[in-house]
Amino acid sequence: MAGTTAYVAGFYSGLQIIDVSDCPPSTCLADLTNDGLLNFFDISALLTAFADADLAADFNSDGLLNFFDISAFMIEFAASCL
Ligand SMILES: [Ca+2]
């Protein structure tokens with residue numbers, strides 16, 4: 001999420017980490033490219049990671065790459081928070 005995170009050092013509050021994306025990360029999980037858009041590139045990123053056995057494609061974080069990751073992704077994608 002580095003692309004959507006701003007690091008702000010405040011005099012009184014110390015270091016704050018502020019998410020500057022349009023929606024909370026928890027509802028934008030399908031935005032794999034972190035560009036604030038849900039489109040083909042997010043699907044492509046998932047499939048590419050999946051094909052490479054990259055755990056970035058472990059969408060449901062169970063340590064396994066299988067149909068359930070694709071399914072979970074598609075549910076998030078369909079929910080479209082954007
Ligand atoms: Ca998984």
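Every read-out reported here was derived from the displayed coordinates using simple, explicitly stated rules and does not represent laboratory data. Bear in mind that the values here come from a model prediction, so they are computed numbers and not experimental data. Ideal geometry is used to build each Cβ from the backbone, glycine not excepted, and the neighbour counts take in all protein chains shown.
Counting charges near Thr48 (Lys, Arg +1; Asp, Glu -1) among other residues having Cβ under 12 Å from its Cβ returns a value of -3. When every Cα-Cα distance of region 23-79 is counted in 5 angstrom steps from zero, the calculated P(r) takes the values 4, 22, 33, 26, 13, 2 percent.
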